[in-house]
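As structure tokens, the structure follows; a few thoughts come after it.
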Amino acid sequence: MTLILLIRHGENDVMHRRLAGRLPGVHLNDNGRKQAQSLAKALEHAPIEAVYSSPLERAIETAQPLAEERGLTVQIRPALSEVDYGDWQGRTYKQLRRIRLWKTVQDDPASVRFPKGETLGEVQQRVVQELEYLAHQHTRTAEEHTPPPPEAVIAAVAHGDIIRLALAHYLNMALNDFHRLTIFPASLSLIRIQPEQRPLVIHVNQIAGFAWPAPPPPSSPTKRGQKQA
């Protein structure tokens with residue numbers, strides 16, 4: 001079994017004004033960097049064995065504190081990259097709202113191919129295949145370990161629509177309903193992928209107040225003749 005922490009990148013100065021898409025040079029702002037540090041702190045007890053990231057700067061910068069805390073290297077995975085919005089990348093939302101196809105994206109997103117870009121069905125397929133691949137790479141089977149091993153925990157830092165499309169798949173939602181999921185910057189969603197069993201969605205859009213529980217302190221061995229409480 002593999003637990004996958006799906007993490008959206010932190011805040012940046014472009015996200016509320018333009019459709020950044022895959023534009024290079026979009027970095028975390030001061031608040032986004034604080035969010036990345038806070039997230040790493042909240043997950044300090046999580047036994048994360050690998051940190052994967054979209055190749056875009058804002059995702060890598062969110063992943064770095066999490067990896068550095070554990071002496072890990074952020075591993076870049078192109079399949080975690082943002083939707084390819086094609087000709088729409090970099091346009092302001094004000095400009096996009098004037099385009100007739102924009103309304104179709106809101107009402108029937110599954111039917112749309114972004115101009116010179118991807119369809120959401122294609123995006124969902126590549127993201128789910130990537131998560132299944134990563135889960136398989138880290139799965140430990142009971143036959144290989146006695147006693148059965150703890151489940152692997154990995155982190156995947158990506159983008160809002162990428163995470164919503166993945167969650168919609170694992171929640172068995174229609175593709176047109178994926179917009180109903182809210183994924184805030186620097187939020188955490190948690191899924192469990194297990195061989196020959198249905199996947200589980202454990203958390204969605206966890207933000208302030210979330211913390212991975214600390215491991216219990218080691219128990220003291222009972223001395224001979226001493227009664228346990």
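No value in this document is a laboratory result; all are computed from the given coordinates. Remember, predicted model here, so these are calculated numbers, not experimental data. Glycine gets a Cβ as well: all are built from the backbone with ideal geometry, and neighbour counts include every protein chain shown.
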*trypsin sites (Lys or Arg not before Pro), loop per DSSP, at most 12 other Cβ atoms within 10 Å - longest free stretch of the chain*: 117-222
*Work out the FRET efficiency for SER38 and VAL201 from their Cβ-Cβ distance, taking R0 = 30 Å, and round it to the nearest 0.05.*
0.80
_Explain nothing, just compute: Karplus ³J(HN,Hα) = 6.51 cos²θ - 1.76 cosθ + 1.60, θ = phi - 60°, for every residue of the range 188-199 in order, whole Hz, x for Gly and Pro._
10, 10, 10, 10, 10, 10, 9, x, 6, 9, 6, x
*Which GluC sites (Glu not before Pro) in the range 29-79 pass both tests, a DSSP loop state and at most 15 other beta-carbon atoms within 10 Å?*
GLU44
*Where the centre of each part is set by its Cα atoms, how far does the range 20-66 sit from the range 83-110, in angstrom?*
26 Å
*Please report, in whole Å, how far the alpha carbons of the range 23-118 spread along each principal axis, starting with the longest.*
48, 26, 23
*Put a dot 7 Å past each Cα toward the Cβ at TRP212 and ARG91; how far apart are the dots in nm?*
4.1 nm
_Testing the spin-label approximation: label points 7 Å from Cα along Cα→Cβ at GLU122 and ARG17. State their distance in nm._
3.0 nm
*Give me Rg over Rh for the range 2-206, both radii from the alpha carbons and Rh done the Kirkwood way, two decimal places.*
0.98
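Report the gain in length on full extension from ASN29 to ASN176: 0.36 nm times residue separation, minus Cα-Cα distance, nm rounded to one decimal. Working shown, then result.
Numbers: separation 147, 0.36 × 147 = 52.92 nm, distance 3.16 nm.
Full extension of this stretch gives 49.8 nm more.
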